[in-house]
Structures are given as structure tokens and as C-alpha cells.
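The structure appears right after this line, and notes come after that.
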Amino acid sequence: MERDLYGSDLQLLVESYNEGFGLGVDIHVAKSGDIGTVSGRENLGQAILHRLLTRKGELIEIGHPDYGSRLYELIGEPNNERTRELVSMYIKECLIQEPRVKEIVRLKVTPVPDNRSAVTVDINVLPIKSKVPMNLVFPFYLEVG
């Protein structure tokens with residue numbers, strides 16, 4: 001049921017880069033050579049992360065003008081309370097467009113203690129037709145390089 005409700009897709013690996021900007025994505029290939037897939041809640045989590053990390057308007061040419069978030073607008077901003085509030089606002093703005101998310105239960109944006117250019121984003125959402133929330137935690141980098 002979850003597979004039908006939340007869909008299936010290629011499994012994409014998100015990796016932090018030590019050099020350069022933020023996060024990178026690659027297709028997961030198993031040792032057998034098969035391309036990995038995700039389905040159900042795992043697919044929903046992956047879809048939320050990719051929606052957040054895609055620049056809003058980036059997919060306009062393929063018919064999705066509102067897909068993505070405005071988080072990229074915050075690159076270069078200081079890691080202060082105002083910026084963290086904007087991170088939270090842009091995430092909420094993006095998540096309400098995800099049809100598989102019924103409710104944002106909790107959203108917390110906190111500075112990373114040892115990295116003044118990064119924040120940790122902790123999202124707890126209630127998927128549609130579910131009573132069990134799901135959690136997604138990822139870093140967001142305010143500086144390039």
C-alpha cells in the first residue's frame with residue numbers, strides 16, 4: 001500500500017562534499033550492477049529532500065515551474081536568527097506543495113556548533129493517510145566552498 005501511495009523511484013545517494021558547495025547526488029548502483037530503487041516512505045523522504053535542494057523554477061522547462069525551494073537565495077547570508085527563520089519559512093513554503101505531506105509536525109533549524117556556515121534542518125512530517133510521522137535531518141550550507 002505504501003508503495004502505491006508514496007511511489008517508487010531510483011535510489012539517489014546524497015553526499016556531503018568536503019570541498020565545494022553543500023550536497024551532491026549520485027545514482028546508487030549495487031555491487032551486482034543493478035540500479036537501486038526506493039519505494040514507500042523511503043521514497044517520500046528522498047523526494048522531500050530533493051524538492052528542498054532543487055532551486056525553485058529550475059524545472060520550469062519540463063513543466064514544473066513551482067517545484068523546488070528558495071533555500072538557494074540564502075547562500076552567502078550570515079548564520080543568524082533572521083537567516084534561520086528564513087530557512088524555516090522557505091522549507092514550509094516548499095513542503096506545503098508536496099501532495100504526499102499532510103502536515104508539518106515540527107521544523108527545527110539550528111546552527112552547527114563547529115561550522116558557522118551550516119545549519120542542521122530537522123523536519124518531522126505526517127504523510128497522507130498515515131498516523132506515523134517521519135523524520136528527515138540534513139545539513140544546509142550558507143556558504144560556498
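Things worth noting here:
- Pairs exceeding 32 Å between alpha-carbon atoms, taken from K56/K108; K31/K108; K56/K131; K31/K56; K108/K129; K31/K129: K31/K108; K31/K56; K31/K129.
- Net length gained if the chain between S130 and E143 were fully extended (0.36 nm per residue, minus Cα distance): 1.0 nm
- Exposure proxy ranking for R84, R106, based on other Cβ atoms within 10 angstrom of each Cβ and starting from the fewest, stands as R106, R84.
- Mean separation of Cα contacts under 8 Å, 6 or more apart, over the residue count of the range 41-141: relative contact order %: 19
Read-outs: derived from the displayed coordinates by stated rules, not from any lab. This structure is a prediction, so every number in the text was calculated from the model and none was measured. Note: ideal-geometry Cβ built from the backbone for every residue, glycine included; neighbour counts use all protein chains shown.
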